Every structure is written in structure tokens, then in C-alpha cells.
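Notes for the one structure printed next.
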Amino acid sequence: MRPLERITLDPAICHGKPCIRHMRWPVEVILDLVSSGMSLDEILADHPELEREDILASLAYARLLVSGEPLQPAA
């Protein structure tokens with residue numbers, strides 16, 4: 001699975017916000033945990049349903065949003 005494939009958008013989950021693998025884990029919550037100073041290992045220990053790749057995908061998604069690059073490659 002490519003990193004950004006872990007980020008899903010579903011209007012029925014969290015009001016359509018970007019989430020992790022169709023779970024009720026919005027990317028913004030993952031970013032809040034990281035920005036609060038928690039390490040990846042601490043986040044994973046507290047939330048075993050998450051995977052390291054989910055956190056990295058959240059960071060990659062945020063980087064793309066602020067870079068202005070397209071989220072989908074042009075065909």
C-alpha cells in the first residue's frame with residue numbers, strides 16, 4: 001500500500017475529513033498527537049489500532065497540502 005492510499009475520504013466518516021484507512025481517525029488528530037511532542041512509538045503504544053505507516057502517511061499528506069502539489073498525479 002502506498003502511503004497516501006492510507007488516507008481515505010468518506011462523507012459518512014468524520015464528516016468527510018481525511019482519515020486513516022476508513023477508521024474514525026482524522027489525519028488532523030494524528031498531526032495533533034505528533035505536534036504535541038509524542039513520539040511515534042508513544043502514539044502506537046497508546047493506540048494499537050494505528051500503524052507506523054499511518055502516522056507517516058498523515059505527515060506526507062500534510063506536506064503535500066502545504067506544498068501546493070496535486071494530491072493525485074496527473075494522467
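Name the pairs: first residue in the stretch 4-17 and touching a residue at least 40 places away in the same chain (Cβ under 8 Å), second residue assigned to a loop (DSSP other than H, G, I, E, B) and surrounded by 14 or more Cβ atoms within 10 Å (Cβ to Cβ), Cβ to Cβ under 6 Å, at least 6 apart or on different chains?
6/21; 7/18
Looking only at the stretch 25-57, count every residue that is crowded, with 16+ Cβ neighbours inside 10 Å and either of a type in the set (Lys, Arg) or touching a residue at least 60 places away in the same chain (Cβ under 8 Å) (or both) and tell me the total.
0
Being of a type in the set (A, V, I, L, M, F, W, C) and more than 14 Å from residue 59 (Cα to Cα) is the filter; apply it to the stretch 9-24 and report the residue that is surrounded by the most Cβ atoms within 10 Å (Cβ to Cβ). Explain how you work it out, then say what you get.
First pass over the stretch 9-24, keeping only residues of a type in the set (A, V, I, L, M, F, W, C): 9, 12-14, 19-20, 23.
Those left that are additionally more than 14 Å from residue 59 (Cα to Cα): 9, 12-14, 23.
Working: 9: 12, 12: 7, 13: 15, 14: 18, 23: 14.
Filtering the stretch 9-24 for residues that are of a type in the set (A, V, I, L, M, F, W, C) and more than 14 Å from residue 59 (Cα to Cα), the one surrounded by the most Cβ atoms within 10 Å (Cβ to Cβ) comes out as 14.
Just to be sure I understand, how many residues within the stretch 54-63 are more than 18 Å from residue 9 (Cβ to Cβ) and either more than 11 Å from the chain's Cα centre (by Cα) or not β-branched (Val, Ile, Thr) (or both)? Reasoning before the result, please.
First, the residues of the stretch 54-63 that are more than 18 Å from residue 9 (Cβ to Cβ): 55-56.
Within this subset, residues satisfying the condition of being either more than 11 Å from the chain's Cα centre (by Cα) or not β-branched (Val, Ile, Thr) (or both) are 56.
Adding up the residues that qualify gives 1.
Could you list, in sequence order, all residues of the stretch 25-40 that are more than 21 Å from residue 11 (Cα to Cα) and part of a helix (DSSP H, G or I)? If you could, list the steps in order and put the result at the bottom.
Of the stretch 25-40, the ones more than 21 Å from residue 11 (Cα to Cα) are 32-40.
Correct list: 32, 33, 34, 35, 40.
All of the numbers you see were taken from the coordinates with simple rules; none came from a lab. Since we're looking at a predicted model, the values are computed, not measured. Glycine gets a Cβ as well: all are built from the backbone with ideal geometry, and neighbour counts include every protein chain shown.
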